[in-house]
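Colleague: One structure follows; several queries about it will come next.
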Amino acid sequence: MVKIAPSLLAADFLRLEKEIRLIEKSGSEILHLDVMDGHFVPNLTFGFPIIKQIREFTNLKIDVHLMVTNPEIYIDNLSKIGVDYISIHQETVFHLHRLISKIKENNCKAGVALNPATPVETIFPIINDLDFVLLMSVNPGFGGQTFLSLVYEKIRILKLKRKELCIEIDGGVTDLNAKKLIAAGAEILVSGSYIFSGNDYSAKVGSLR
């Protein structure tokens, strides 16, 4: 069954505790955290102290998307904090297999994130080592961007290569494209602005399913 992962980047940071409690009640299974370093993408977001506090506060699965130029220095600390999923960008890593192995050795689900312009074929050599693939349907760095439909073809190609592969979609996901994404084979839908822009998070999550 499809899992919904609200992106905390779109939440009201002045009332973060309340926002997380509302997400817990919404029926979502995963909390998505975009970690940015101001280098790989022109923005800064969560650091280890905030992620640690969030982990201690909620029982939701935590999915950390590393939009950083040096993901190798994050993995040990994130695993000690107790996050559940870690994805690293193929575009930033010289030794991708080594880092995927390290994530799995730290008892986290290991995924590769791909920018819209990056062909999915670039990860075929290690596709059987991955727990999931995160396909960006916007260019990373900021919330509230327009969905790029090229992601549907990427899902198709990945499913042909490895049918059982878990595919996560991040960027511009709303009730207008969720049905088609699920039908194509997406299993985790990340949604930020769409969910947090309303008052009824449960209704928004339900509409995505």
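The values are calculated or read from the model by the stated rules, or taken from the named source; none is laboratory data. Fair warning: this is a prediction, and the values are worked out from it, not measured in the lab. Methodologically, a virtual Cβ is constructed for each residue, glycine included, from the backbone with ideal geometry; neighbour enumeration extends over all protein chains shown.
Colleague: So which pairs qualify, if the first residue must be in the stretch 4-33 and on the phi > 0 side of the Ramachandran plot, the second must be among the aliphatic types (A, V, I, L, M) and in a strand (DSSP E or B), the Cβ gap must be under 9 Å, and the two must be at least 6 apart or on different chains?
Modeller: Listed pairs, sorted by first residue: G27/I4.
Colleague: How many residues are of a type in the set (S, T, N, Q), surrounded by 14 or more Cβ atoms within 10 Å (Cβ to Cβ) and under 23 Å from I54 (Cα atoms) when one looks only at the stretch 83-107?
Modeller: Within the stretch 83-107, residues that are of a type in the set (S, T, N, Q), surrounded by 14 or more Cβ atoms within 10 Å (Cβ to Cβ) and under 23 Å from I54 (Cα atoms) number 2.
Colleague: Under the condition of being touching a residue at least 12 places away in the same chain (Cβ under 8 Å) and over 21 Å from P6 (Cβ atoms), which residue from the stretch 158-183 is nearest to the chain's Cα centre (by Cα)?
Modeller: Looking at the filtered set, the residue picked out is L165.
Colleague: When only residues in the stretch 142-185 that are part of a loop (DSSP other than H, G, I, E, B) and of a type in the set (F, W, Y) count, which is surrounded by the fewest Cβ atoms within 10 Å (Cβ to Cβ)?
Modeller: That would be F142.
Colleague: Next question, about the same structure. With respect to K80, determine if the residue is farther than 20 Å from K3 by Cα, buried (at least 19 other Cβ atoms within 10 Å of the Cβ) and among the charged types (D, E, K, R).
Modeller: So K80 does not fit the description; no.
Colleague: Name the one entry in L189, L134 that is touching an Asp or Glu at 6+ places or on another chain (Cβ under 6 Å), within 18 Å of L66 (Cα to Cα) and either hydroxyl-bearing (S, T, Y) or crowded, with 22+ Cβ neighbours inside 10 Å (or both).
Modeller: Numbers: L189 fails: touching an Asp or Glu at 6+ places or on another chain (Cβ under 6 Å).
Only one candidate qualifies: L134.
Colleague: To continue, here is another question. If a residue has to be closer than 19 Å to A110 by Cα, touching a Gly at 6+ places or on another chain (Cβ under 9 Å) and among the aliphatic types (A, V, I, L, M) to count, how many in the stretch 161-201 make the cut?
Modeller: 3
Colleague: Here's something else I'd like to know. If I filter the stretch 60-95 down to residues being outside any helix (DSSP H, G or I) and among the small types (G, A, S), which single residue comes out as farthest from P42 (Cα to Cα)?
Modeller: The residue in question is G82.
Colleague: Among (1) modelled with pLDDT of 95 or more; (2) farther than 29 Å from A203 by Cβ; (3) of a type in the set (F, W, Y), there is one condition F40 misses while meeting the rest; what is its number?
Modeller: Result: F40 passes all but (1).
Colleague: Which members of the stretch 29-58 meet the condition of being among the hydrophobic types (A, V, I, L, M, F, W, C) and assigned to a loop (DSSP other than H, G, I, E, B)?
Modeller: Of the stretch 29-58, the ones among the hydrophobic types (A, V, I, L, M, F, W, C) are 30-31, 33, 35-36, 40-41, 44, 46, 48, 50-51, 54, 57.
Passing the criteria: F40, V41, F46.
Colleague: Being under 28 Å from L16 (Cα atoms) and touching a residue at least 12 places away in the same chain (Cβ under 8 Å), is that true of even one residue in the stretch 88-102?
Modeller: Yes, the stretch 88-102 contains at least one residue that is under 28 Å from L16 (Cα atoms) and touching a residue at least 12 places away in the same chain (Cβ under 8 Å).
Colleague: Still on this structure, I have one more. Check off (1) assigned to a loop (DSSP other than H, G, I, E, B); (2) more than 21 Å from S7 (Cβ to Cβ) for K104 and give me the number that stays unchecked.
Modeller: Among (1) assigned to a loop (DSSP other than H, G, I, E, B); (2) more than 21 Å from S7 (Cβ to Cβ), K104 violates only (1).
Colleague: Which of the following residues is surrounded by fewer than 22 Cβ atoms within 10 Å (Cβ to Cβ) and either closer than 15 Å to A10 by Cα or at pLDDT 95 or above (or both): I127, I195? If you could, list the steps in order and put the result at the bottom.
Modeller: On the way: I195 fails: surrounded by fewer than 22 Cβ atoms within 10 Å (Cβ to Cβ).
Result: I127 is the single residue among I127, I195 that is surrounded by fewer than 22 Cβ atoms within 10 Å (Cβ to Cβ) and either closer than 15 Å to A10 by Cα or at pLDDT 95 or above (or both).
Colleague: Inspect all residues belonging to the stretch 44-53 and state whether any of them is within 19 Å of N106 (Cα to Cα), crowded, with 19+ Cβ neighbours inside 10 Å and under 15 Å from the mean Cα position of the chain (by Cα).
Modeller: Yes, some residue in the stretch 44-53 is within 19 Å of N106 (Cα to Cα), crowded, with 19+ Cβ neighbours inside 10 Å and under 15 Å from the mean Cα position of the chain (by Cα).
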